[in-house]
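The values are calculated or read from the model by the stated rules, or taken from the named source; none is laboratory data. The shown structure was predicted, so the numbers you read here are calculated from the model rather than taken from an experiment. Neighbour counts are summed over all protein chains in view; Cβ atoms, including those assigned to glycine, are modelled from backbone coordinates with ideal geometry.
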Amino acid sequence: MSSSPEPAECDARTGRNADSPSRIGRSGDGNPGSSRKTFGMQQGSGFLTPRQRRLAWLGFLLAAVQAPVSAKLVADDSWLFSLCVALMVATVIIADDAGRRRPADAPVD
């Protein structure tokens, strides 16, 4: 009797020999089974709702436009108040944007 080697078992998913070394690189290309294991980055939610965010942008734009107009029309320095309000609203929008860009599972400091 001849001693022929037993056929190697093939991996059902890849169709390759189970004993062969795995390929280095992008081995999941074209393989829908392994691509289900990856998840997209989930975005964190900011503290403003979309409606509040739109209203904050509107308030920022109105205050930013009103400051130079009132500086031109009014003799006193009351336009600085509009500038401060616009800067505070801009700070809130930036903080909300930073919260939205943070991944949902990121640790909170």
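Assorted remarks:
- Flag not set for residue 61, criterion: in contact with an Asp or Glu (Cβ under 6 Å, 6 or more places away or on another chain) and at pLDDT 60 or above.
- Residue check, residue 46 surrounded by 13 or more Cβ atoms within 10 Å (Cβ to Cβ), in a loop (DSSP other than H, G, I, E, B), at pLDDT below 85 and of a type in the set (Gly, Ala, Ser): yes
- Complete set of residues in the range 60-86 that are surrounded by 14 or more Cβ atoms within 10 Å (Cβ to Cβ) and over 25 Å from the mean Cα position of the chain (by Cα): 62, 63, 64, 66, 67, 70, 71, 79, 82, 83, 85, 86
- Among the residues listed as 107, 103, the single one being loosely packed, with under 11 Cβ neighbours inside 10 Å, under 15 Å from residue 46 (Cα atoms) and touching a residue at least 60 places away in the same chain (Cβ under 8 Å): 103
- Cβ pairs under 7 Å, 6+ apart, first in the range 52-71 and under 22 Å from residue 97 (Cβ atoms), second outside any helix (DSSP H, G or I): 56/48
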